[in-house]
Structures are given as C-alpha cells and as structure tokens.
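Data block below; observations after.
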Amino acid sequence: LFSSGRRLSYKKGEVIQRANETPQGVYFISKGYGKEYSIGKDGSEHFKVLYAPHELFSVIWAYLDVEQNVYREALTDSVIYRVSAEEMLAATQTNPKLLKEVTMLLMWQMHTLKARVENYSFTSAYDKVAYRLLYLAGRFGEQRKDGWFITLESRHQQIAEALSITRETASRMIEKMEKDGLIKQDGKGHFIIRDPSALARTMGVEEVMVTWPHLLDS
C-alpha cells in the first residue's frame, strides 16, 4: 500500500508536520526514526512519542478526523511513504490481510504508549531512568554477548526530556547504574544493558519485565 504512495526524504531535525496542521495523509516510516512533541508556553519542548521503522502516524486523524497539537520531526535521516487517508481507508475495507496488518501495527504502538504511561508512574528519578532504558532496550535492543545493545542513539538530554527531569539528574542516575555494572555506554550515545532483569530488580519491581518478555531471554 505505502510503496505506491509518495516517497519523502527528511534530514535529521527536519519538521515533518507542525502543530494543528492538517496532515496530508497517513505516514509509514520505511527508514529512520521520528519523534512527536509539543511546545510549552515557555518555548520548551515536551516529548510525546518516538516512532520507529515500520510504524505509522496520522492514523488517529485518518480514522477520527482529529488534528493534534503536536509537531512531528525526523530524529534521524529518514525515508517515509505517504498515502491519502481516503486511499488507506478504502484499501483496509477491501483487503482483510492489510486490515489485519494495520491493526497489529496499531496494537504494537498502543503497547509502547502504555509503557510510556507506566514510566511516568514511578516517582524516583532512578526508577524513571531505569525504566526508560528498559523501554529503549525493549523497542530497539539487539542482543549481544555483553548484553542488550540499544541501536537508537539516546543522549542524556534526550532521556531527560522524555522523562521531564533535568539532564544533570538523568546523568547522575546513569552514572550510578554504570558504576554498579548494570549498564555500559559506548561514548557514541548508545547504551548496553548488561542484564535487564538485574536492572529491573534495582527498581524493586522486576515485574516490569513482563512488558518486554524477549529481554528475559538474555
């Protein structure tokens, strides 16, 4: 469906959609990552959602005709395909296999959004950062000999913005985890979670691992 749509290329940091702007269609990320955020009254950026390859956005608008007060921006150089809402809706109505595929994509995105909400339920900065790293490993982790390598570049500032804490606080928590041998950094913005279950136990709620069961295979 999307390969027949318009192919769009974006550079890192380029805005794809602006707040309250009527989308030009439904978007499928073929390559790269995107982020969704809003701008506060003081001009600060409020992180909302991270989009990964093979995910969709502007689907809510397509189905409910609801515009959102958010910006969508390329987090990395990206290739995105776009089709009109009418084309997508018509195709899913006549192609059960396509409808199933879109439904599975939406269920996965709902799952990750639920995890984002759960992240905010923790009160201590340590637990917030620890869960964020487990979240990133769950979504973008690649199992290696020394642990789960998070393929998406995740700077301290980005983690802080996602959790609404200061960069200094995020860095202190990360340094503690690294000192305790729970994680490693490669100096290029990537993390390695040595043992996800061990990191979860430091939070006192190892049950959070059920959200990302594949990490238990380490």
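The values are calculated or read from the model by the stated rules, or taken from the named source; none is laboratory data. These numbers come from a predicted model, not from an experiment. A quick note on method: Cβ atoms are made from the backbone with ideal geometry, for glycine too, and the neighbour counts reach across all protein chains shown. The protein model used for the area step is the full one, side chains on, heavy atoms only, and it has no ligands, DNA or RNA in it. Shrake-Rupley method; radii C 1.70, N 1.55, O 1.52, S 1.80 Å.
Values for this structure:
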{"quantity": "The stretch 197-218 - residue that is hydroxyl-bearing (Ser, Thr, Tyr) and surrounded by 16 or more Cβ atoms within 10 Å (Cβ to Cβ) and, of those, farthest from MET110 (Cα to Cα)", "calculated": "SER218"}
{"quantity": "Restricting the stretch 173-196 to residues that are without any contact (Cβ under 8 Å) to a residue 12 or more places away in the chain and in a helix (DSSP H, G or I), the residue that is surrounded by the most Cβ atoms within 10 Å (Cβ to Cβ)", "calculated": "GLU178"}
{"quantity": "Meets criteria (open to solvent by less than 80 Å² (accessible area, probe 1.4 Å), touching an Asp or Glu at 6+ places or on another chain (Cβ under 6 Å) and more than 24 Å from ALA115 (Cβ to Cβ)) for VAL15", "calculated": "yes"}
{"quantity": "Among residues of the stretch 79-97, those that are of a type outside the set (S, T, N, Q), under 14 Å from ALA62 (Cβ atoms), assigned to a helix (DSSP H, G or I) and open to solvent by 30 Å² or more (accessible area, probe 1.4 Å), counted", "calculated": "4"}
{"quantity": "Complete set of residues in the stretch 197-218 that are farther than 17 Å from MET173 by Cα and not in a loop (DSSP other than H, G, I, E, B)", "calculated": "SER197, GLU206, GLU207, VAL208, MET209, VAL210, THR211, PRO213, HIS214, LEU215, LEU216, ASP217"}
{"quantity": "Candidate set from the stretch 129-146 (those that are open to solvent by 30 Å² or more (accessible area, probe 1.4 Å), outside any strand (DSSP E or B) and basic (Lys, Arg)); member that is nearest to ASP186 (Cα to Cα)", "calculated": "LYS145"}
{"quantity": "Residue check for ALA137: among the aliphatic types (A, V, I, L, M) and in contact (Cβ under 8 Å) with a residue 40 or more places away in the chain", "calculated": "yes"}
{"quantity": "Only listed residue being at pLDDT 95 or above, open to solvent by 10 Å² or more (accessible area, probe 1.4 Å), among the charged types (D, E, K, R) and part of a helix (DSSP H, G or I), chosen from GLU161, GLU118, GLU101, GLU168", "calculated": "GLU168"}
{"quantity": "Identity of the residue in the stretch 29-55, surrounded by fewer than 19 Cβ atoms within 10 Å (Cβ to Cβ) and among the hydrophobic types (A, V, I, L, M, F, W, C), that ends up modelled with the lowest pLDDT", "calculated": "PHE47"}
{"quantity": "Close pairs (7 angstrom Cβ cut-off, 6 or more residues apart or separate chains): over 21 Å from GLU36 (Cβ atoms) in the stretch 97-123, assigned to a helix (DSSP H, G or I) anywhere", "calculated": "LEU98/ALA91; LEU98/THR92; LEU99/THR92; PHE122/LYS128; PHE122/TYR131"}
{"quantity": "Test: residue in the stretch 143-151 that is under 27 Å from SER3 (Cβ atoms) and among the aliphatic types (A, V, I, L, M)", "calculated": "no"}
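To keep it simple, each residue is scored yes or no on (1) aromatic (Phe, Trp, Tyr); (2) in contact with a Gly (Cβ under 8 Å, 6 or more places away or on another chain); (3) free of Cβ contacts under 8 Å to residues at least 24 places away in the same chain.
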{"position": "SER4", "(1), (2), (3)": "no, no, no"}
{"position": "VAL26", "(1), (2), (3)": "no, no, no"}
{"position": "TYR33", "(1), (2), (3)": "yes, no, no"}
{"position": "ALA52", "(1), (2), (3)": "no, no, no"}
{"position": "PHE57", "(1), (2), (3)": "yes, yes, no"}
{"position": "ASN69", "(1), (2), (3)": "no, no, no"}
{"position": "ARG82", "(1), (2), (3)": "no, yes, no"}
{"position": "ALA85", "(1), (2), (3)": "no, yes, no"}
